[in-house]
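K.L.:
Before we start, here is the structure in question, set down as structure tokens.
The values are calculated or read from the model by the stated rules, or taken from the named source; none is laboratory data. From a predicted model like this one, the values you see are computed outputs, not experimental measurements. As a convention, Cβ positions derive from the backbone with ideal geometry for all residues, glycine included, and neighbour counts pool all protein chains shown. The protein model used for the area step is the full one, side chains on, heavy atoms only, and it has no ligands, DNA or RNA in it. Shrake-Rupley method; radii C 1.70, N 1.55, O 1.52, S 1.80 Å.
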Amino acid sequence: MKLTVTDAALSRFIADWDFKNGDFIRIFVRYSGGGSDAFAFGIMKADHQRMSIHYEIGGITFYMAENDTWYLDGKELIIDSVNDEITFIRK
């Protein structure tokens with residue numbers, strides 16, 4: 001299991017979300033409804049708590065708590081920006 005945040009995504013988070021040096025950003029799993037996959041990732045500023053995996057870039061720590069890593073199922077999560085939109089890639 002691995003978490004990566006690209007430089008392009010970091011730029012979007014800083015410009016659009018006002019994240020800054022020293023922030024802790026939690027990546028969590030939320031129920032999103034039907035379809036082929038009923039779950040999706042969410043993002044929020046939060047105190048670090050039970051970090052299972054994390055990635056630090058530009059002084060900002062992105063992490064997933066222990067109770068959310070089940071959704072990765074041992075895969076890698078890459079957070080990127082494509083056409084100025086944040087994307088989550090599991091591979």
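K.L.:
Full extension from Met1 to Ala15: what is 0.36 nm times the residue separation minus their Cα-Cα distance, to one decimal in nm? Let's see the in-between values first.
P.N.:
Details: separation 14, 0.36 × 14 = 5.04 nm, distance 2.82 nm.
Contour length minus Cα-Cα distance gives 2.2 nm.
K.L.:
Now for a different question. In nm, to one decimal, how far is the Glu66 label point from the Asp80 one, both placed 7 Å along Cα→Cβ?
P.N.:
Taking the two extended label points, one gets 3.3 nm.
K.L.:
Would you mind telling me the share, in percent, of accessible area of region 5-76 contributed by carbon and sulfur at probe 1.4 angstrom?
P.N.:
Values: 1920 of 4110 Å².
Summing carbon and sulfur atoms, their accessible area is 47 percent of the total for region 5-76.
K.L.:
Suppose every Lys and Arg Cβ carries +1 and every Asp and Glu Cβ carries -1, with no other charges. What dipole size does the chain come out with about its Cα centre, to the nearest 20 debye?
P.N.:
Values: 10 positive and 14 negative charges, 42 e Å.
Magnitude of the dipole: close to 200 debye.
K.L.:
Moving to a separate point now. If N is the number of residues in region 45-91, what value comes out of its Cα radius of gyration divided by 2.2 N^0.38 Å?
P.N.:
Here the answer is 1.22, to two decimals.
K.L.:
What's log10 of I(q)/I(0) for the chain at q = 0.11 Å⁻¹, Debye sum over Cα points only, no solvent?
P.N.:
The computed values of log10 I(q)/I(0) come out as -0.28.
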